[in-house]
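Encoded as structure tokens, the structure appears first; notes follow it.
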Amino acid sequence: MPDSVQRTAAFILSGYALYIPANIFPIMTVSRFGQGEPHTIIGGIVALVESDMLPIALLVLVASILVPLLKLLGITLLLFCAHFRWQINARLWTRLYRVIAFVGRWSMLDIFMISILVGLVDLGGVASVIAGPAATAFAAVVVLTMMAAKMFDPRLLWDYQR
Amino acid sequence: MMDSDESFNTSEVKLNKKSELPLVWLLPLVALLVSGWLIYKSMSEKGPMITISFPTAEGLEVDKTKIRYLDVEVGKVTAITINDDLKTILVTAQMNSDAANYLNKNTSFWVVRPQVGLGGISGLGTLISGAYIEIKPSDGPKESHFIGLTAPPLLKNTDQGKQFVLETSDLGSMRPGTPINFHGINVGEVLSHELSKDADAIRLTIFIHAPYDQFVRKNTRFWVDSGIDLSAGADGFKVRTGPLISLLSGGIAFRAAANDGVKDIQPENTLFQLYETYDQSTQIIYKNTLRYVMYFNGSVRGLTEGAPVQLRGIPIGSVSNISLELDKKTAELRVPVTVELEPDRIREVNNQANVSDMDIMAQLIKKGLRAQLQTGSLLTGQLLVDLDFHPKSRIVETANDSVYPEFPTTTSSLDQFTHSAQIIMDKIAKLPLDKLSADIDHTLLALQETSKAATGMLATAKGTLSNTDKTMSSAQQVLKSLEPGSTTHYELDKLLQELNRAANSVNQLTDYLEQHPETLLRGKEEE
């Protein structure tokens, strides 16, 4: 694939750029009887922990924060390897790439959940769920990282190994 | 070939790269722009942080409680802490950027909670949604720390109208929120009450909504419109009731005077008197008063403060003060009675310029106007001060050390009466009663003898009377014999007829002799 590194770098940078708003802005607003406050991803996790739902909190933490972050960092690392021709264990790093490429789609879990909630819970004044600006940004991050993973050519890891 | 290929390829790739680079790198540029714009937007929406202290955090929740103005969210509570004095709480709130304009010194904050009162129910929405903090923008310099109100202010920001001040001696059931009625329409309410500076009156700040505020004019009267007014008069019983809400919680009513025009509309914060009852408010209040002090000689028992001062039976003032004075030098007791005269009650004819009421009074006093105490009611013994002309009475000056001029008095009719009665009693006391009784004794004895003699006389009289009786009966007999039908009567009748006939013959004779006087000599001529 031509310009694999360049393209991957461009996508990964866009991913970083959108990762920030995805985490600082509210991802959704759940309102009951017209009253509700927007939740950020971290705010939602804190709320889950506070209401003693630790497993779900962990799941959301892993799926919504750690996985995208690790993906971004992993691809960045792979890019550096390919670009600066680091001497590494190419077999191990290829496996890392495969994991990243596989796990990418699972990060869409949050977005699926939000889109289902927005569609389902629309009871007007009684209760409703509204997606926030972070949802768009988050979806963009997931798509961009998937694209970045797709753009990356794992063969580059092998090219300069001695 | 390899080299040339490579160089060719490189140049081709370079060309490709040049054409492809901007396209790919456009993506992170757009992403950066979008996230940068998002962040900038949210940052710019955030306004200043403010702190508000409240006595309690009841119903307030971090990140949930909103700050609203006209039901539009303008901020959010971000933290609640306890103040250093451990008596109040401190609410930290993140305001929106557009709220920054009205975070001024006089801006007020209060917590809206559901309220149920006689005046109505408010804040029902907060039962479900939870309390929120309401803001009322105002002017003043910028401020970031506020002291929250404990109760919502009665006035909304949008209310148009005027504030006025009412003065009353007793707060009664007035409290903030007490309704004010104008012809039965609820047009305003009491905002607050405070003691006046001299602590002699209560001042109520009231608010009258537009357009009714224009009816508060120069002679507008306010009165307490609570409960039922029941009055009995010559025309029967009268019952006045205020609105039901006033019956329950008290109220104030006012009415405009008929002769006030638009030019008499009063400006904001004008002071009005609050009358206790409707009847009181209908009485005319004269502002122009003359005060005099009167020294009465006799007792003033029955004279009370507020007793009327009458001039020829028409009230022109009232007694404002009665006290007792002791002159330590002469050990003389005096009763100075201060009266308040209202000269405006007297309609003036032939008005003269440059003559004050005081001058006219002095003139009247010179003409003999005097004050005297009179009994107003024989039943209760209430006294009143009556002014009338006693041109003959002298003006007795008293050492007057009051601030008011003295009004000469004359002894009251009651005093005069008691005085005369005293004299009579004295005279009676001086009578020689012992001697009198001895004389009376003698007289009585003489009378006894007289009566004895009289008894004798009466017996004689009895004899005389029986004689008279006999005489009367004989007279009756005589009269009976003269009755028609009796012999005597017939005979008398006959006698009278004979006499008649005799008189006729004499008459004929005299006539004949008159015509033929010669017959006396020659005798009757034969026919």
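Using beta carbons and a limit of 9 Å, which pairs, at least six apart or on different chains, have the first residue in region A:21-34 and at pLDDT below 85 and the second one assigned to a helix (DSSP H, G or I) and not β-branched (Val, Ile, Thr)?
A:28/A:44; A:28/A:117; A:28/A:134; A:28/A:135; A:30/A:117; A:33/B:129; A:34/B:129
If you take the residues of region B:202-223 that are modelled with pLDDT of 85 or more and of a type in the set (A, V, I, L, M), which of them is farthest from residue B:270 (Cα to Cα)?
The extreme case among them is B:202.
For region A:122-153, give me each residue that is free of Cβ contacts under 8 Å to residues at least 60 places away in the same chain and either more than 14 Å from chain B (Cβ to nearest Cβ) or within 23 Å of residue A:6 (Cα to Cα) (or both). Break it down into steps so the answer makes sense when it comes.
Taking region A:122-153 and keeping what is free of Cβ contacts under 8 Å to residues at least 60 places away in the same chain, we get A:122-124, A:136, A:139, A:143, A:146, A:150.
Matches in region A:122-153: A:122, A:123, A:124, A:139, A:143, A:146, A:150.
Within region A:35-57, can one find any residue that is out of contact with any strand residue (DSSP E or B) (no Cβ under 8 Å at 6 or more places or on another chain), in contact (Cβ under 8 Å) with a residue 24 or more places away in the chain and either within 10 Å of another protein chain (Cβ to nearest Cβ) or surrounded by fewer than 17 Cβ atoms within 10 Å (Cβ to Cβ) (or both)?
no
Given B:313, B:306, B:298, B:302, which one is surrounded by 12 or more Cβ atoms within 10 Å (Cβ to Cβ) and at positive phi? Write out each step before concluding.
Details: B:313 fails: surrounded by 12 or more Cβ atoms within 10 Å (Cβ to Cβ); B:306 fails: surrounded by 12 or more Cβ atoms within 10 Å (Cβ to Cβ); B:298 fails: at positive phi.
Step by step, each of B:313, B:306, B:298, B:302 is checked, and only B:302 is surrounded by 12 or more Cβ atoms within 10 Å (Cβ to Cβ) and at positive phi.
Any chance you could count how many residues in region B:381-395 are in a loop (DSSP other than H, G, I, E, B) and touching a residue at least 60 places away in the same chain (Cβ under 8 Å)? Can you show your working first?
First, pick out the residues of region B:381-395 that are in a loop (DSSP other than H, G, I, E, B): B:381, B:390-395.
From the residues that got through so far, the ones that are touching a residue at least 60 places away in the same chain (Cβ under 8 Å) too are B:381.
Selection size over region B:381-395: 1.
Would you call residue A:68 over 30 Å from residue B:125 (Cα atoms) and in contact (Cβ under 8 Å) with a residue 40 or more places away in the chain?
Judged against the criteria, residue A:68 is a match.
The conditions are (1) among the hydroxyl-bearing types (Ser, Thr, Tyr); (2) surrounded by 20 or more Cβ atoms within 10 Å (Cβ to Cβ); (3) within 13 Å of another protein chain (Cβ to nearest Cβ), and residue A:64 fails exactly one of them. Which is it?
Checking residue A:64 against (1) among the hydroxyl-bearing types (Ser, Thr, Tyr); (2) surrounded by 20 or more Cβ atoms within 10 Å (Cβ to Cβ); (3) within 13 Å of another protein chain (Cβ to nearest Cβ), the one that fails is (3).
Residues are listed down the side, and each one gets a yes or a no for (1) touching a residue at least 40 places away in the same chain (Cβ under 8 Å); (2) part of a loop (DSSP other than H, G, I, E, B); (3) β-branched (Val, Ile, Thr):
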| residue | (1), (2), (3) |
| --- | --- |
| B:138 | no, yes, no |
| B:151 | yes, yes, no |
| B:173 | yes, yes, no |
| B:177 | yes, yes, no |
| B:191 | no, no, no |
| B:197 | no, yes, no |
| B:229 | yes, no, no |
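Let's see how each residue does on (1) under 51 Å from the mean Cα position of the chain (by Cα); (2) not hydroxyl-bearing (Ser, Thr, Tyr):
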{"site": "B:80", "(1), (2)": "no, yes"}
{"site": "B:107", "(1), (2)": "yes, no"}
{"site": "B:112", "(1), (2)": "yes, yes"}
{"site": "B:127", "(1), (2)": "yes, yes"}
{"site": "B:143", "(1), (2)": "yes, yes"}
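Considering region B:407-425 alone, what residues qualify as being at pLDDT 80 or above and over 37 Å from the mean Cα position of the chain (by Cα)?
Looking only at region B:407-425, we keep the residues that are at pLDDT 80 or above, and these are B:407-410, B:420-425.
B:420, B:421, B:422, B:423, B:424, B:425 - these are the residues of region B:407-425 that are at pLDDT 80 or above and over 37 Å from the mean Cα position of the chain (by Cα).
Would region A:32-46 turn up any residue that is closer than 24 Å to residue A:115 by Cα, part of a helix (DSSP H, G or I) and over 17 Å from the mean Cα position of the chain (by Cα)?
Step one: filter region A:32-46 for residues closer than 24 Å to residue A:115 by Cα, giving A:32-46.
Next, only the ones that are part of a helix (DSSP H, G or I) stay: A:41-46.
With the extra rule that they be over 17 Å from the mean Cα position of the chain (by Cα), the set shrinks to A:46.
Yes - at least one qualifying residue is present in region A:32-46.
Among the candidates A:113, A:151, which residue alone is closer than 24 Å to residue A:41 by Cα and hydrophobic (A, V, I, L, M, F, W, C)?
Working: A:151 fails: closer than 24 Å to residue A:41 by Cα.
Result of the check over A:113, A:151: A:113.
Say whether the condition of being closer than 28 Å to residue A:151 by Cβ, within 14 Å of chain B (Cβ to nearest Cβ) and crowded, with 20+ Cβ neighbours inside 10 Å is met by at least one residue in region A:23-30. Let's see the steps before the verdict.
Let us first name the residues in region A:23-30 that are closer than 28 Å to residue A:151 by Cβ, namely A:23-25, A:27.
Still in the running and within 14 Å of chain B (Cβ to nearest Cβ): A:23-25, A:27.
The next check asks that each one be crowded, with 20+ Cβ neighbours inside 10 Å; those that pass are A:25, A:27.
Within region A:23-30 (the criterion being closer than 28 Å to residue A:151 by Cβ, within 14 Å of chain B (Cβ to nearest Cβ) and crowded, with 20+ Cβ neighbours inside 10 Å), the answer is yes, since at least one residue qualifies.
The values are calculated or read from the model by the stated rules, or taken from the named source; none is laboratory data. Note that the coordinates shown come from a computational prediction; the quantities given were computed from them, not determined experimentally. Backbone-built Cβ (ideal geometry, glycine too); neighbour counts: all protein chains shown.
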